[in-house]
Amino acid sequence: TFHPGRFEPIDPGKNKDHTRELVGFAPWAITEHCGKLRSGFSYLKAFQDYGGTPEEIANAQANVIYIMGVMGHFVGDCSQPLHVTKHHNGWVGDNPKGYTTNKTIHSWIDGGFFKKTGGINPESLAGKIRPARIVGDPLKPEDLFRQMMAYLQQTHALVEPLYQMNKDGKLTPENPKSKEGREFLDDQIVKGGQMLGDLWFSSWQQATEDAYLIRQLKQRSASSGNK
């Protein structure tokens, strides 16, 4: 459902920021940023181990943190069912089950419902997180992409259950059944955080030596030592 070819043609008048062309590229973006993070870790390690200056190390650390943050946006968004469907702002097209077509459902799921039900409690969610583990086989470049596709497909499978919850009042704070809706969304936050941690850890563990940078740093160190 989230394949670019299945979306309606883009209306230029509603696309002044040119972001609508990017629909459907999340698994590619996540995979690409994992590669960038591995590279960032590679030269951070080189600077730390082979005489990088404090400024070089600080710059490398800042770059790694930046990439990790961008990944957090992509990976976190993809744990929210309305981010992987054409029904992101209310149900569109045939609607035999009578799901809401209200365009505010997305903002409600992203934050409004949480604010009305006590906010997000990081401490309680952290208790559901397991230790990070490796994602993807570094000897099979396509493996990581396949796992990212599976991650999005798992999220996409929850689109209709989410709409059904809304229809049943489980996303209405005043309804006693809202506890079920809150648990559902909390679980998605945990899944997103878990996947993000796994990808960060994997990138660190799978970062190879930057042979060129190491060679240059060794030459610089030798040159300065001869002066």
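Just a few scattered comments:
- Here's the picture: charge each Lys and Arg Cβ at +1 and each Asp and Glu Cβ at -1 in segment 4-225, and of Pro176, Tyr66, Asn89 the one pushed furthest to the positive end of that dipole is Pro176.
- Estimated 222 nm signal from helices in the chain, with DSSP H stretches of n ≥ 4 weighted -39500 (n - 2.57), rounded to 500: -18500 deg cm²/dmol
- Among Lys116, Lys97, Lys14: highest mean-square fluctuation, GNM of the chain, C-alpha pairs under 10 Å: Lys14
- Remark: relative contact order (segment 4-225) = 32 percent; criterion is Cα-Cα distance under 8 angstrom and separation of 6 or more residues.
- Whole-number percent relative contact order across segment 22-71, with pairs defined as alpha carbons under 8 Å at least 6 apart: 44 percent
- Normalised by the number of residues in segment 88-167, the mean separation of alpha-carbon contacts (under 8 Å, six or more apart) gives a relative contact order of 26 percent.
- Taking packing as the residue-averaged number of other Cβ atoms within 10 angstrom, the listed peptides 143-149, 205-211 run from highest to lowest as 143-149, 205-211.
- The dipole here belongs to segment 42-105: it is taken about the Cα centre, uses +1 on the Cβ of Lys and Arg and -1 on the Cβ of Asp and Glu, and is about 440 debye.
- Checked against a 22 Å cut-off, the cross-linked pairs Lys170/Lys191; Lys103/Lys167; Lys16/Lys115 give Cα-Cα distances beyond that limit for Lys16/Lys115.
- Pairwise centroid distance, computed over Cα atoms, of segment 187-209 with segment 135-161, Å: 13 Å
- Magnitude of the charge dipole for segment 98-188, about its Cα centre and with charges confined to Cβ atoms of Lys, Arg (+1) and Asp, Glu (-1), is about 160 debye.
- Charge dipole (Cα centre; +1 on Lys/Arg Cβ, -1 on Asp/Glu Cβ; no other charges) of segment 76-227 amounts to roughly 380 debye.
Any read-out appearing in this document is the output of simple, stated calculations on the displayed coordinates, not a laboratory observation. Bear in mind that the values here come from a model prediction, so they are computed numbers and not experimental data. For neighbour counting, all protein chains shown are included, and Cβ atoms are generated from backbone atoms with ideal geometry for every residue, glycine included.
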